[in-house]
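Student: Take a look at this one; I'll ask things after.
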């Protein structure tokens, strides 16, 4: 016959409860540590923009006519806003697409998607308010994509923000407009970005003329 089990004392029961609680706390901490480690391994700190200047990076995706996503040499993904230009907006947030938006994105995608490019920064404004890098994008030393977008009529010169190439971009836009390249063939003032419509009104008020530049 088996011996009858001895009944645990209140002290033994209390000690067992304490041990169980300690183990639950330890296991909970381990779970938190594993989760934190996993999160940190997937979320990297943003790249130092200056460390990317002059480096060859791969275009991972073309978002629209003036925004791309690149993969840095460290394997990070960064969004880049092409400085000095403003392409028509794609449809988003319930707003319809701007005139020539899909053509603008298609042109940029055909030029640089999945290709190596080099970033060049201008001044101290390295990121915009959305955290995107602000840069001029070069396919080759003499092939400035920002300039090509304006020169071929797929983007406007962004006159809200200054850049060291603004004068040359303005000349390229004037040529595209005169030769009716890209969007300039049929765009009307009310199809332009709101900021440009306001800029035209202010400029024309100073000149005392009506214009659809």
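The values are calculated or read from the model by the stated rules, or taken from the named source; none is laboratory data. Fair warning: this is a prediction, and the values are worked out from it, not measured in the lab. Cβ atoms come from the backbone with ideal geometry, glycine included; neighbour counts cover every protein chain shown.
Student: So in the range 96-127, with the set limited to residues that are surrounded by 16 or more Cβ atoms within 10 Å (Cβ to Cβ) and without any contact (Cβ under 8 Å) to a residue 40 or more places away in the chain, which one is farthest from residue 73 (Cα to Cα)?
Tutor: Checking each candidate, the answer is 101.
Student: From the list 138, 130, 154, pick out the single residue that is part of a loop (DSSP other than H, G, I, E, B) and surrounded by 14 or more Cβ atoms within 10 Å (Cβ to Cβ).
Tutor: After applying the criteria, what remains is 154.
Student: Quick check: is even one residue across the range 19-34 modelled with pLDDT of 65 or more and not in a helix (DSSP H, G or I)?
Tutor: Checked against the condition, which is being modelled with pLDDT of 65 or more and not in a helix (DSSP H, G or I), the range 19-34 yields no hits at all.
Student: Take the conditions under 30 Å from residue 71 (Cβ atoms), without any contact (Cβ under 8 Å) to a residue 40 or more places away in the chain, buried (at least 17 other Cβ atoms within 10 Å of the Cβ) and touching a strand residue (DSSP E or B) at 6+ places or on another chain (Cβ under 7 Å) and apply them to residue 169. Does it pass?
Tutor: For residue 169, the condition - under 30 Å from residue 71 (Cβ atoms), without any contact (Cβ under 8 Å) to a residue 40 or more places away in the chain, buried (at least 17 other Cβ atoms within 10 Å of the Cβ) and touching a strand residue (DSSP E or B) at 6+ places or on another chain (Cβ under 7 Å) - is not met.
Student: Could you identify the single residue in 87, 135 that is under 16 Å from residue 192 (Cα atoms), at pLDDT 95 or above and within 16 Å of the chain's Cα centre (by Cα)?
Tutor: Answer to the selection: 87.
Student: A follow-up question, please. Surrounded by 13 or more Cβ atoms within 10 Å (Cβ to Cβ) and touching a helix residue (DSSP H, G or I) at 6+ places or on another chain (Cβ under 7 Å), is that true of residue 183?
Tutor: Spelling it out, it is not the case that residue 183 is surrounded by 13 or more Cβ atoms within 10 Å (Cβ to Cβ) and touching a helix residue (DSSP H, G or I) at 6+ places or on another chain (Cβ under 7 Å).
Student: Name the residue, out of 49, 4, that is exposed (fewer than 14 other Cβ atoms within 10 Å of the Cβ) and either at pLDDT below 75 or out of contact with any helix residue (DSSP H, G or I) (no Cβ under 7 Å at 6 or more places or on another chain) (or both).
Tutor: Exactly one of 49, 4 is exposed (fewer than 14 other Cβ atoms within 10 Å of the Cβ) and either at pLDDT below 75 or out of contact with any helix residue (DSSP H, G or I) (no Cβ under 7 Å at 6 or more places or on another chain) (or both), namely 4.
Student: Of the residues that make up the range 191-201, is at least one within 18 Å of residue 103 (Cα to Cα) and not in a helix (DSSP H, G or I)?
Tutor: There is at least one residue in the range 191-201 that is within 18 Å of residue 103 (Cα to Cα) and not in a helix (DSSP H, G or I).
Student: I've got another one for you. If you check residue 173 against the conditions, is it in contact with a helix residue (DSSP H, G or I) (Cβ under 7 Å, 6 or more places away or on another chain) and assigned to a helix (DSSP H, G or I)?
Tutor: It is true that residue 173 is in contact with a helix residue (DSSP H, G or I) (Cβ under 7 Å, 6 or more places away or on another chain) and assigned to a helix (DSSP H, G or I).
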